[in-house]
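Report on the structure given below.
The values are calculated or read from the model by the stated rules, or taken from the named source; none is laboratory data. Since this is a predicted model, take the numbers as computed values, not measurements. Every residue, glycine among them, receives a Cβ derived from its backbone with ideal geometry; neighbour counts consider all protein chains shown. Keep in mind that these areas ignore ligands, DNA and RNA; they rest on the heavy atoms of the full protein, side chains included. Shrake-Rupley method; radii C 1.70, N 1.55, O 1.52, S 1.80 Å.
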Amino acid sequence: MKEGLDTLFAHLHLTHAAVALPQWLERAAEDELSYADFLQGLLEEELVARTTAAAARRLREAGFPFAATIEQFDFRFRPELKRQVVLRYLDPTFVEGAGTLTLIGPPGLGKTMLAICVATKLVQLGYTARFVAAQTLAAQLGRTATAAGRQRLLKPLLACDVLVLDELGYLPTEASFGPALYEVIAGRYQRRPTIITSNKSLTEWAGIVQDVSLAAALVDRLMHHGQVFYLKGPSWRTRGKTEREAIAEEAVG
């Protein structure tokens, strides 16, 4: 009988239920569970395991450089960020509304961490995400010689539910980067949400894309259904350190 059940579980791809079956059979006997309660409990365990595995897979595919959750973000250190305002980006309405969230400020203020926190929460809710540093995208575009290659590179960034574009403006890019950036932002506009971090204010973006009109078009789309937060204050990396230690660490990046 056990071999027959194993075969059925394998055909139905109920891997986790097969592992949990002996425990549930024992529990059913001890607690005198009804057939319905036994079956529901076993299938719920399969569902939880599948949901957990799917979320873990989406997190891997997102390519976040480190793990971070909103529970780890210290809002006391960033009082300009109102917790209740940020929390509204952590539910399906942000995805459904296809809005944008732009975080601007000097290095070390937690922009990347907050972006990952928001995107991670949305991944946990079942959405797909992609993380890409602006300089990485620029380098990949520079190595792409054909239009078809360019489209293959940009397609995942256009198709994912949530896109995090990190460190826009930190390093100079080639002139071809601006049009590609516009293609991504325009392609996601009113379709899917985008989160951007930058050390440059919106008025400086013309220098990033090397085109005033292009920068205006980008900002216009980002602001239409989006919000910009300007972060300020001391660096996360130098909290609790002496002034000399802080200066030394900032000097080496």
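Below is a table of values for the structure above.
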item: Output for segment 13-26, where each listed residue is under 40 Å from the mean Cα position of the chain (by Cα) and in a helix (DSSP H, G or I); result: Thr15, His16, Ala17, Ala18, Val19, Ala20, Leu21, Pro22, Gln23, Trp24
item: Any pair with Cβ under 8 angstrom, 6 or more apart, that starts in segment 207-220 at a residue that is at positive phi and ends at one that is assigned to a helix (DSSP H, G or I); result: Gln210/Gly178
item: Any chance Leu39 is modelled with pLDDT of 90 or more, more than 17 Å from the chain's Cα centre (by Cα) and either aromatic (Phe, Trp, Tyr) or part of a helix (DSSP H, G or I) (or both); result: yes
item: Hey, Ala10 open to solvent by 60 Å² or more (accessible area, probe 1.4 Å), free of Cβ contacts under 8 Å to residues at least 40 places away in the same chain and either part of a helix (DSSP H, G or I) or not β-branched (Val, Ile, Thr) (or both) or not; result: yes
item: Subset of segment 159-201 that is of a type in the set (Ser, Thr, Tyr) and open to solvent by 50 Å² or more (accessible area, probe 1.4 Å) - its residue that is nearest to Lys121 (Cα to Cα); result: Tyr189
item: Residue that is farthest from the chain's Cα centre (by Cα) [pool: residues in segment 42-71 that are closer than 23 Å to Thr136 by Cβ and open to solvent by less than 30 Å² (accessible area, probe 1.4 Å)]; result: Ala68
item: Wholly enclosed helices (runs of 4 or more DSSP H) of segment 72-126 bearing at least 3 residues modelled with pLDDT of 95 or more and of a type in the set (A, V, I, L, M, F, W, C); result: 111-124
item: Residue satisfying condition, being modelled with pLDDT of 95 or more and either open to solvent by 60 Å² or more (accessible area, probe 1.4 Å) or more than 18 Å from Asp220 (Cα to Cα) (or both), within set Ala139, Ala129, Ala145; result: Ala129
item: Within segment 137-188, tally of residues that are aromatic (Phe, Trp, Tyr) and outside any helix (DSSP H, G or I); result: 1
item: Some residue of segment 210-224 being surrounded by 14 or more Cβ atoms within 10 Å (Cβ to Cβ), under 18 Å from the mean Cα position of the chain (by Cα) and of a type outside the set (Val, Ile, Thr); result: yes
item: Residue within segment 47-65 that is assigned to a loop (DSSP other than H, G, I, E, B), touching a helix residue (DSSP H, G or I) at 6+ places or on another chain (Cβ under 7 Å) and within 25 Å of Ser235 (Cβ to Cβ) present; result: yes
item: Near pairs, Cβ below 6 angstrom, 6+ apart or cross-chain, from segment 65-86 (under 13 Å from Cys117 (Cα atoms)) to any residue that is open to solvent by 40 Å² or more (accessible area, probe 1.4 Å); result: Ala68/Met113; Ile70/Lys121; Phe75/Arg83
